[in-house]
Each structure stands twice: as structure tokens, then as C-alpha cells.
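Notes follow once the structure below has been shown.
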Amino acid sequence: MQTIHLWSVAEKKSYALTDGLSDAREPIFDPNGKYLYFTASTNAGPTSDWFSQSTIDIRQTNQIYLAVLPKGVASPLAKESDEEAGTPAPEPAKEEPKKAEEKKPETKPVKVEIDFARLGQRIQALPLPPAHYSNLQISTTGQLLYQKRPFMGAFPTGEPGDLARFDLTKRKEEVLLEKVGNYELSRDGKRVLLAMKDSWAIADYGDKLDPSKRRLGIDTVEVRVDPRAEWKQIYEEAYRLHRDWFYDPNYHGVDLAANREKYAQFLPHIAVRRDLTRILQWFGSELTVGHFYLSDADPLTTIENIPGGLLGADYEIVNGRYRFRKVYGGLNWNPELRAPLTEPGIDVVEGEYLLAVDGKDLRAPENLYARFERTAGRFTEITVGPNPDGSGSRTVRVVPIENEGQLRNRDWVERNVRYVTEKTNGRIAYVWVPNTAEAGHEYFKRYFYPQATREGIIVDERYNGGGLVADYVVDILRRPLLSFWATRYGSDLKTPLASMQGPKAMLIDENAGSGGDFLPWSFKKLGLGPLIGRRTWGGLVGILGYPDLMDGGSITSPNLAFWDENGFGIENVGVPPDIEVEITPADYVAGRDPQLDKAIEVVMKELEAHPVTLPKRPAFPVKTGR
């Protein structure tokens, strides 16, 4: 939460303008010196809950306010009289005097007077609907410009907003230009610099903005670079980033200045940018810390990658032909989970042969994927049939996809849900949490609530990619049973309705880290159940932002790290399981999951030992007094 303060230069003293119970930002004076505009939000609390996964789907709005600074000045937003003014009497005609030479009025500096007594009572909201307003700028007195979006989340996406203007005289909002990424008004208020989706432009300021007249040719800008000079500069920047931002001022015991000199000796011998990346990696690795990431620079040459198309299937070679061994079914109403072979009218099934592509016969050992170059998102004819000789075949038009990752992932998750349901007779839920950011939030909601009536749960956080603090997941899992509600028909309801009173277990592995370290740590600390699998990889430090280097590369310096009453832990250590179970390559090949099997065994044994028993509904009360 931010509070706006006003500083008195004469008194050398600060005065609070807002009360600290709202998130107030972007103060800006009106040129007349009488008004101060700012934004404030009264529902920003949840989005300000730092580093929290529970804030992902929280939406914040704010409002624009105007403070009248001196007392005795009427508010420009005061209610206007609705009475019609009378017709004034005509004045007698006057002889026009001779025009004298016009003198330019003297421009006097505006004197800002602020009466702090009861200043908070002189704050009013502009008559605008709830939205998210930002980037306040002033053109002339009473003309306030800003960007407007429907709302803002805890993690801004950078989506463009409408550039609008509020006129105090008209008391009306006007949209000057839609979908503006950013803007800057010139000091004289005559021009506006606009950052659009794919371009920059300068427009004349007026009731409508035309960005097409003065587009900036940034795509034609060329810069001559001296790579060796850049590499030296980048090395110095990397050193300063670690020096100034690393969370531990003692740098894990490393003499950072000596470390800088140690690896600077390699700089004169660099031949290509990748050499610099390697030196930076050596330099940073001495800190022995996770979340130390590097990326190479933008390439100086353009390499065309030719994407292929995929059908969402596994194949096997039978009778010299490619046969569909498995066809992945997705959710065809979801563009990200579209399965090309299962769409209406195509209906390819496992066991059929892929006989031809675009009318050309296909046989093994020709690489079938080569036939699908540049086909992603385009209609492609395939011939399929039940027999390798082509009898009974049919030709259909499919639209291949560029990536099958989502289809294969969803198939694995759905298979695990079915497997746990079958093995436990529907008593235990299964929920996979891919990370502790947006996808993990979405997956948990997607799979937990439909299974919330089950007695227990297995939470699978293997391969968890991290993100935020996973408070959202553990808060829901530890919900206590509070009460029941009687209904006239059907089953009684409980509060919280989405809560589980039975046993819980969590699957972990060496591929889970960062937020994927914190999730099992908090699960265990809160006593929710045993951890089963392998120790997590131990990367519980964090970074806020990825600093860009001058050649387009980037480097990170972890600037926050986990600790509790036991000290700095988990980082480089991980979270150990209570029950260690390994999956071998042979298990993968055979389709076995011993970790999941162990979790089912443990949870079911606990459920048998401590069955979930809910209280019986008491007799209905009699309140007649008889």
C-alpha cells in the first residue's frame, strides 16, 4: 500500500494527503496550482499480498481523485444547479473604441497554497466508472489524460489500454485512442509520443489522435557495435548486479571483488559471445546459488526455423507401414488442447494406418515427420485405413498442431486421475500441480473442486516448475470443517463445501524446485500428510526481474531467499521425502509409477485406520413452546 505525502519546502516537513487505508499513487498537480489529481484503490489489498499464489486471479480497480488544495475554493466537481438562467436584457450599442496595440499578458509563476487542515475532506472522486486508471498526465488546466483498463491483476501483463481524457469543464470522459501501450505528452502539450503494439508514433494532441502521420522508423535504425568493448562492459555490469542486488551482502562468503579479477583475465581471449556466457557462468557459480540464470545475446544473424506439424499421436511400424499406436484426445473446444485426429469428421482411431500424406504414398523407413514440414495450422490431406494395402481407406483433411506438449501432459494427468479413482473405488482424489504460478493455480482449481466430495487426496507436485509461494494450495487443503446445513431435499451441505477431512499425501521428486520446494515444505510443516518420492532439487531463492544486458542477453542475481526459525534452509538442500521411492527408466518404459502406487497404498491404509466419520444430523427443533 502506498500513501501520498506533500512536502513543505518552507517548513521542511511532510504532510500525509491520504489516510494509508487505500493504495494511492501517481500524484500530479494541475497547472493552476489549486488541484492535485491522484489514483487510489480500496480493493488492492489481496493483490498486494506479496509473492502469493492466491493473488493470481484477484482483480484490482481504482479511481481518480481530485484534492482541492486551498480552502475557500469551490470544487470543480460541485453539483451544478439545474435551473435555467434568465434571458439577460439587451445592452445599448456602444461605439467601438480604437484598437490599441495588444500587449502580451505577463506570465506570473503559479503560487501553490495548501491548507492542510481538513484537507482530506476536500478530496473528491471524478465521476468515472470503476476501472484501472494509470499514467496520469496534464495537457492544460482541467484536462487530465490517463490510460484506462478494465482491471489490473497482481502481476501486470502489459496489455494496452485506452488513452482517455477527462475534461473538468464538460465533466466528461473522451477516449482519444484505443489500445495504447504507453504514451508521453510533450511539455508544451502539443504532441503525444505513442507506443503502440508494433510501432512508435508522434501525434498532434487534439480531440482525436492520428498515429499514422508520424510513425517512427525504429525498424530502420542500425547501430554499429564493437563486440569486444561490449563484452567487457557486460562483464562489469554482471559484477555490479551481483554486488548490489544479491540477497546476502556477504555473498555466501565469496570475495566478490577478487572473484571479479579472477575471471576478468579471460576477457582478452574471448572469440565469440558464447565464450562470455561461459565466463559469466563460472563467475556466478562461485556463489553456489540456484536461480542464477543466463541467456545469450540476440543473434547477429537470422536463422529460419522451419516448424513441423504434429497429429497428436504415437506410431509403430507394422507391415512396413506407420500405424497409430496411440491417438491423444484433447479438449477440442479449447484451442490449446485441440487434438487434430479426434475432431468431428476425422475420427482416426488407434490401430489404423497412416497410408499417404497429401496424396503421396508413405512407407517406412521414410521419416514421416518430414512430410509435415510447414503444415502446422494448415489443412493437410492424410489417407488412413484399417489395412496396410490401402483397402477400406479414406482421405480426410486435418489441421496439424505445432506442439503436442499440452496434449501429452493432459493425457498423463487424466490417466492418473482415472487410475487413482479405479484403485480407490472413487474414495481418493488426485490433483497434479505443474507449478506454483498461473498454471498450477488453474490446474488445482480444475481438478480439486470436481473431486472435493472424496474422502482423501493425493497431491502430485512432481516436475513442479516453481513460481510463487503456494499458499493457495495449502490453505484449501487445511480447511477445517465448520458446520453443516440441513436441506429439505437431497443431501445436507457442509461448510466449507470444498474441503477434505480424510488423509492426504504429496508426491515429490528431484524435478520440483523453487515454489516446488516451498509447497512440500509447507505441506509437511502444517502436518497435512507424508511426502512420498525423491528429494526436491533445492532452489528456494528468488529473483524479481531479469536485468537486460546491452546486447540483448540477460543475467539474474537472486535478491530474496527463504528462511525460518531454523535458519536459511532448503536452498541447495531440497525437501526430503518421508517415504523414499524411486522411478527407474525401466518403470517409465513399462508404464509403471511406483511413487503413485505407494501414495495410494499409504493413503488407503490411513483411511482404513482412521475412516472419515461425519456427525449425524440432529433431530429438527420444536419451537412452538407447547
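Cβ-Cβ distances below 9 Å connect the following pairs, each with a first residue in the stretch 47-66 that is free of Cβ contacts under 8 Å to residues at least 24 places away in the same chain, a second residue that is surrounded by 16 or more Cβ atoms within 10 Å (Cβ to Cβ) and part of a strand (DSSP E or B), and a separation of six or more residues or different chains: TRP50/VAL469. Counting only residues that are small (Gly, Ala, Ser), assigned to a helix (DSSP H, G or I) and modelled with pLDDT under 95, the stretch 261-286 holds 2 of them.
Can you say whether PRO388 is over 18 Å from ALA505 (Cβ atoms), outside any strand (DSSP E or B), in contact with a strand residue (DSSP E or B) (Cβ under 9 Å, 6 or more places away or on another chain) and without any contact (Cβ under 8 Å) to a residue 60 or more places away in the chain, as far as the supplied structure shows?
No, not satisfied.
In the stretch 322-362, which residues are of a type in the set (Val, Ile, Thr) and in a loop (DSSP other than H, G, I, E, B)? ILE346, VAL348, VAL349 - these are the residues of the stretch 322-362 that are of a type in the set (Val, Ile, Thr) and in a loop (DSSP other than H, G, I, E, B). Scan the stretch 357-385 residue by residue and report those that are of a type in the set (Ser, Thr, Tyr) and free of Cβ contacts under 8 Å to residues at least 60 places away in the same chain. THR383 - this is the single residue of the stretch 357-385 that is of a type in the set (Ser, Thr, Tyr) and free of Cβ contacts under 8 Å to residues at least 60 places away in the same chain. ALA10 passes every criterion in (1) surrounded by 15 or more Cβ atoms within 10 Å (Cβ to Cβ); (2) small (Gly, Ala, Ser); (3) assigned to a loop (DSSP other than H, G, I, E, B) apart from (1).
Name the single residue that is farthest from LEU468 (Cα to Cα) among those in the stretch 54-74 being polar (S, T, N, Q) and at pLDDT 90 or above. Within the stretch 54-74, the match that is farthest from LEU468 (Cα to Cα) is GLN63. Within the stretch 161-174, being free of Cβ contacts under 8 Å to residues at least 24 places away in the same chain and surrounded by fewer than 19 Cβ atoms within 10 Å (Cβ to Cβ) holds for ASP162, LYS170, LYS172.
Looking only at residues in the stretch 416-454 that are among the β-branched types (Val, Ile, Thr) and touching a residue at least 12 places away in the same chain (Cβ under 8 Å), the one that is surrounded by the fewest Cβ atoms within 10 Å (Cβ to Cβ) is VAL417. Of all the criteria given as (1) surrounded by 12 or more Cβ atoms within 10 Å (Cβ to Cβ); (2) modelled with pLDDT under 90, the one not satisfied by VAL289 is (2).
Can you tell me how many residues within the stretch 144-160 are surrounded by fewer than 18 Cβ atoms within 10 Å (Cβ to Cβ) and outside any loop (DSSP other than H, G, I, E, B)?
2
The single condition among (1) crowded, with 16+ Cβ neighbours inside 10 Å; (2) under 16 Å from GLY553 (Cβ atoms) that VAL225 does not satisfy is (1). Taking only the stretch 276-319 into account, find how many residues are over 17 Å from PRO547 (Cβ atoms), touching a residue at least 24 places away in the same chain (Cβ under 8 Å) and among the acidic types (Asp, Glu). So the count comes out to 1.
Only one entry of ARG321, ARG278, ARG374, ARG378 meets the criterion of being of a type in the set (D, E, K, R) and buried (at least 17 other Cβ atoms within 10 Å of the Cβ), and that entry is ARG321. Of all residues in the stretch 236-260, those that are at negative phi, surrounded by 11 or more Cβ atoms within 10 Å (Cβ to Cβ) and part of a helix (DSSP H, G or I) total 13. Close Cβ contacts (under 9 Å, 6 or more residues apart or on different chains) running from residues in the stretch 499-520 that are closer than 16 Å to ILE476 by Cβ to residues that are surrounded by 24 or more Cβ atoms within 10 Å (Cβ to Cβ) and of a type in the set (Phe, Trp, Tyr) comprise LYS504/PHE523; MET506/PHE523. Residues in the stretch 483-524 that are surrounded by 15 or more Cβ atoms within 10 Å (Cβ to Cβ), in a loop (DSSP other than H, G, I, E, B) and among the charged types (D, E, K, R): 2 in all.
Taking the criterion of being in contact (Cβ under 8 Å) with a residue 12 or more places away in the chain and either aromatic (Phe, Trp, Tyr) or surrounded by fewer than 17 Cβ atoms within 10 Å (Cβ to Cβ) (or both), the residues of the stretch 123-133 that qualify are GLN124, ALA125, PRO127, LEU128, PRO130, TYR133.
The values are calculated or read from the model by the stated rules, or taken from the named source; none is laboratory data. Remember, predicted model here, so these are calculated numbers, not experimental data. Glycine also receives a Cβ, built like all others from the backbone with ideal geometry; neighbour counts cover every protein chain displayed.
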